Amino acid sequence: MEELDRSRSLGPAVKLMLAGEIPFFGPGTIKLFEQIDRLGSVRGACEATGISYSKGWKMISRAEKALNCRLVDRQQGGKNGGAAALTDTCREVIRRYKELEASVREYARAEYEKVFGGMSFS
């Protein structure tokens, strides 16, 4: 049986977080916001991402406080239930976050190749 060339599948793993005093925006926040955008509901987005409703609101509030702007427009529930939508600012923050994340991953991959390139793990 031929051995796998594991060095081809190895590389850096990068998890990018935006932070002030504490981290407030990262992959989990992006997933939550994308689900809010898709479903139009914070409750539905929390269920879809597997987090509690209270944790979802904490994530939204933490990001809004850190960025000092509204990221989710909400309509209170009632007879027909509430609604939620991302603000244009939120969409722009997500776009720029993803741009930065791609750049960081590209940089990390290039640095990995410089440091570990040519090294055999067997």
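Readers should treat all values here as calculations from the given coordinates under stated rules, not as data from a laboratory. Computed from a prediction, not measured in an experiment: that's the story for all the values here. Cβ placement follows ideal geometry from the backbone for every residue including glycine, while neighbour counts extend to all protein chains displayed.
The largest-to-smallest principal axis extents of the Cα set in the stretch 23-107 are 50, 25, 21 Å. Here the peptides 108-117, 16-25 are ranked by packing, the mean other Cβ count within 10 Å, and the order with the highest first is 16-25, 108-117. Bridging of residue 55 to lysines at a Cα separation below 26 Å is possible for 15, 31, 65, 79, 98, once same-chain residues fewer than 8 apart are set aside. Judged by the mean number of other Cβ atoms found within 10 Å, the most tightly packed of the peptides 35-48, 52-65 leads the ranking 35-48, 52-65.
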